[in-house]
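The values are calculated or read from the model by the stated rules, or taken from the named source; none is laboratory data. Remember, it's a predicted structure, so these values are computed and weren't measured experimentally. All Cβ positions, glycine included, derive from the backbone under ideal geometry; neighbour counts span all protein chains shown.
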Amino acid sequence: MKKVTFKIRRKIILAFVFCFLSVLVFAVFSFEGHREIGDRLRLLEVADDLVNNILEGRRFEKNFFLYKQRSSLEEALSYADRVESLYLRHEQDILSLRKGTETEPFLEILSRYKETLSGLQTSLPDVRGGLEAAGATGPEESLRNIGQKLLDMATAWAKEERSKIDRLFRRVLYLFIVSMFLFGVLGVGVAFYISRLVTRPLVQMQQAMEKIAHGDFTPVAEDQCDSEEFGPLFQAINRMIRELEERQEQLVQARKISAIGTFTSGIAHELNNPVNNIVLTADSLKEDFDQLDRQEALAMIDDILIQSERASEIIKNLLDFSRSERPEMLSLSVSSVIEDTMRLVRNQLLLSSVEESMEVAADLAPVCGDYKSLQQVFLNLFINAIQAMPKGGRLSTRVGPSDDGGSVKIEVQDTGAGIEPEHIPRIFDPFFTTKEVGRGTGLGLSVTYGIVKKHGGTIHVQSEKGIGTTFTVFLPTEKTGEPGGTARGA
């Protein structure tokens, strides 16, 4: 079944379209709210104009009753006409505000007010006499009541409009606060979503690169990548990892050759002894052949064979060590690997005046590993220790179970010059070396780190300047299974 994949670009576009639509919805609601506030403010201005014109008309109405001047009635009528004109221009908007709350239409009351003013104007002499005789209680009281009703209605409309504007402002404010909260949540969600789409594959690639730098060539899990953009990149990284792993094997082989060159002088000395014995015994056999009996001759021939086997064994060990083979994980004894490796450097120890000691615990559990690869690990550690003690010293090797019993613990300790504290975090990096030119390539500990990692183990280093260095290797036993990651220098 074909794996379903997606394009990151499409996902990001959809996420931003969703954000845009959310902002658009908020903008529509916000626009409607602000538009309605604008309409209400304009209607409030109309209501205030009605109130002001009614107040002006009533002011002239009062002047008429106080001073009995015809001009006051004319001014009052003019303001009543203004109120009527203003009302008619905005009648539909005003009616939308009233919502049927008034029992009597505004225009009817205004019409009665104007009729009363007109009636007073046409019968002004009679009105004056009637007002004087009646004490100004008849027409005046009726006109005042009608005018007050007009003023109350206009004032109520203005008050109602202010109340609605206030509610609209609160609603828009709440909408703004809620929208900001929703936009914040939406922004965090989109950021997290895009982060999962983009940064997670990038983090996986970064982790893969860090593992490669430390000698771990575990392929990147391609099935965890659902993106069409990153899928080919993961495949390219895995191809690179496979090629680097092949180069690593070649590097290990090159390191073996370098190690052979390091202790060639010791091997030459070790080979020289059996060869000299063979030559001397053969010369003696040749010179005294006629005088020797059969038993003596056979004894000398046996001695030659023994010395030849000894030389052959030395050469065989070198060839076995330098041979390029694919790693084969088998059950093996760590102590046997260390003892065989120590034999390869024993003469180098003698030439460098380095004493050796080995402590091996009894009943060690076997480990699952490749013999040649583990031999390379300990050979690199032994050679580094010998080179750290140019004037002699002591090389101590301790093999035993770890504290938790799930691993075999190997400590390689020297009494050499030690490592600078600032160099310890970098000693496993490829091509990093503090040795003089010609005495090291900076690949030994990097290769060692990679081999230990492949075996599921860990390697640590502790060093004190002028006192010595201790490398500690943990290799899981067969029953433990795959342990965690590899620790670097400490």
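Taking the criterion of being within 46 Å of the chain's Cα centre (by Cα) and farther than 16 Å from Ile451 by Cα, would at least one residue in the range 347-361 satisfy it? For the range 347-361, residues within 46 Å of the chain's Cα centre (by Cα) and farther than 16 Å from Ile451 by Cα: present.
With the requirement that a residue be surrounded by fewer than 20 Cβ atoms within 10 Å (Cβ to Cβ) and either modelled with pLDDT of 85 or more or of a type in the set (S, T, N, Q) (or both), what does the range 436-452 give you? Thr441 - this is the single residue of the range 436-452 that is surrounded by fewer than 20 Cβ atoms within 10 Å (Cβ to Cβ) and either modelled with pLDDT of 85 or more or of a type in the set (S, T, N, Q) (or both).
Of all residues in the range 181-211, those being more than 29 Å from Ser22 (Cβ to Cβ) and small (Gly, Ala, Ser) number 1. Among the numbered conditions (1) crowded, with 23+ Cβ neighbours inside 10 Å; (2) at pLDDT 90 or above; (3) not acidic (Asp, Glu), the only one that Arg394 does not meet is (1).
Under the condition of being over 35 Å from the mean Cα position of the chain (by Cα) and either over 20 Å from Val360 (Cβ atoms) or outside the structural domain of Ser336 (by TED's automatic domain parsing) (or both), the residues counted in the range 381-429 number 14.
Considered as a group, the residues in the range 384-400 that are in contact with a strand residue (DSSP E or B) (Cβ under 8 Å, 6 or more places away or on another chain) and assigned to a loop (DSSP other than H, G, I, E, B) include one that is farthest from Thr469 (Cα to Cα), and that residue is Gly392. Number of residues in the range 20-47 that are touching an Asp or Glu at 6+ places or on another chain (Cβ under 9 Å) and of a type outside the set (A, V, I, L, M, F, W, C) equals 3.
Taken together, the residues in the range 186-217 that are at pLDDT below 75 and within 20 Å of Gly457 (Cβ to Cβ) amount to 7.
Residues in the range 279-312 that are basic (Lys, Arg) and surrounded by fewer than 13 Cβ atoms within 10 Å (Cβ to Cβ): 2 in all. Filtered by the rule that a residue be among the acidic types (Asp, Glu) and farther than 16 Å from Gln413 by Cα, the range 350-392 gives Asp363, Asp370.
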